[in-house]
Amino acid sequence: MTIKALVFDAYGTLFDVQSVAGVTDRAFPGHGAAITQIWRLKQLEYTWLRALMDRYEDFWTVTRDSLDFTLRTLGLSAPPNLVWQIAEAYDALALYPEARAALEGLASHRLAIFSNGSPAMLKRLVAHAGIGELLETVISVDEIGVYKPDPRGYAHVEKRLGLAREEILFVSSNGFDIAGAKSHGFHVARIERVPADRLRCELETAATLDPALMFKALRMQPEQLGFQADATIAALTDLVSYVAALRQA
């Protein structure tokens, strides 16, 4: 198999969406965990709802709207400037600890990001993490106005890179994105942030189903849609040996 490019999802794969928790808890002490999880769940849900309604708005609008929903639902109020500042946390998400080493180890390949993020959000995010020089390009769904997992998005990646789908290894930790990319025909590697056995252990021993644990159960496990990743990998750095093995297969 000839893999010529690796294409990474951004949110939850290279960048830790849970890293907004410090910002949300400082803004609303004691509510940070609930805000963080509901916000992310609703953020994804709004991309899917807008897709079904054929009412596309960019990811910054979706991010603001889902945060507004979260605060209203929890009975929390904030002036518009504070809401804006909280939303901007998505422009400064923490890079996963092994992400830079993985990108550097894969430098002999073409590397790209394909994300729901708006171009401006992704530009700020990549610049904040200091990984721009490691990437050939950053591709946003905003270029065609459809959210993942719409197959037109993955087809757009092929066009932007000038490659056939079988020449692309798509990397994500998000179940919906993995299913969408595999359905389209990409070779797909899943980054397993929360192993199933560890999740079951947490669920069995938890006194209550807190927001973070609920998020792990809903959004950090493979979806049962008939399209599974070709490989499940524990950390981004393991991609280096995985890609090498594909070359020799």
State whether the residues of the stretch 142-159 include one that is farther than 24 Å from GLU45 by Cβ and either in contact (Cβ under 8 Å) with a residue 60 or more places away in the chain or basic (Lys, Arg) (or both).
yes
Could you list, in sequence order, all residues of the stretch 25-38 that are within 17 Å of ALA217 (Cβ to Cβ) and open to solvent by less than 40 Å² (accessible area, probe 1.4 Å)?
ALA34, THR36, GLN37
Report yes if TYR46 is crowded, with 18+ Cβ neighbours inside 10 Å, closer than 21 Å to GLU143 by Cβ and free of Cβ contacts under 8 Å to residues at least 24 places away in the same chain, otherwise no.
yes
Is there any pair linking a residue in the stretch 120-131 that is open to solvent by less than 10 Å² (accessible area, probe 1.4 Å) to one that is part of a helix (DSSP H, G or I), with Cβ under 7 Å and at least six apart or on different chains, and which?
MET121/PHE59; MET121/TRP60; MET121/TYR90; MET121/ASP91; LEU125/ASP91; ILE131/ARG100; ILE131/LEU103
Just need a number here: residues in the stretch 168-211 that are open to solvent by less than 40 Å² (accessible area, probe 1.4 Å), in contact (Cβ under 8 Å) with a residue 60 or more places away in the chain and of a type outside the set (Phe, Trp, Tyr).
9
Can we say ALA101 is exposed (fewer than 15 other Cβ atoms within 10 Å of the Cβ), of a type in the set (A, V, I, L, M, F, W, C), over 16 Å from the mean Cα position of the chain (by Cα) and part of a loop (DSSP other than H, G, I, E, B)?
no
Of TYR56, TYR90, the only residue that is closer than 29 Å to ALA5 by Cα and open to solvent by less than 40 Å² (accessible area, probe 1.4 Å) is TYR90
Selection from the stretch 104-131 of residues on the phi < 0 side of the Ramachandran plot and either in contact with a Lys or Arg (Cβ under 7 Å, 6 or more places away or on another chain) or in a loop (DSSP other than H, G, I, E, B) (or both) yields LEU106, ALA107, SER108, HIS109, ARG110, ASN116, GLY117, SER118, ILE131
So for the stretch 199-213 (the condition being more than 19 Å from SER115 (Cβ to Cβ) and touching a Ser or Thr at 6+ places or on another chain (Cβ under 7 Å)), does at least one residue qualify?
no
If we ask which residues in the stretch 1-53 are under 30 Å from HIS109 (Cα atoms) and in a loop (DSSP other than H, G, I, E, B), their number turns out to be 9
Out of (1) at pLDDT 95 or above; (2) assigned to a helix (DSSP H, G or I); (3) open to solvent by less than 20 Å² (accessible area, probe 1.4 Å), the one PHE69 does not meet is (3)
For the structure I just gave you, tell me whether ASP16 is under 18 Å from the mean Cα position of the chain (by Cα) and open to solvent by 20 Å² or more (accessible area, probe 1.4 Å).
yes
Run LEU52 past the list (1) over 24 Å from ALA120 (Cα atoms); (2) in contact with a helix residue (DSSP H, G or I) (Cβ under 8 Å, 6 or more places away or on another chain); (3) not polar (S, T, N, Q) and report the number of the one that doesn't hold.
(2)
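The values are calculated or read from the model by the stated rules, or taken from the named source; none is laboratory data. Quantities reported herein were computed from a predicted structural model and do not represent experimental measurements. With ideal geometry, Cβ positions are generated from the backbone for all residues, glycine too; neighbour counts draw on all protein chains shown. The accessibility values were calculated without ligands, DNA or RNA, using every heavy atom of the protein model including side chains. Shrake-Rupley method; radii C 1.70, N 1.55, O 1.52, S 1.80 Å.
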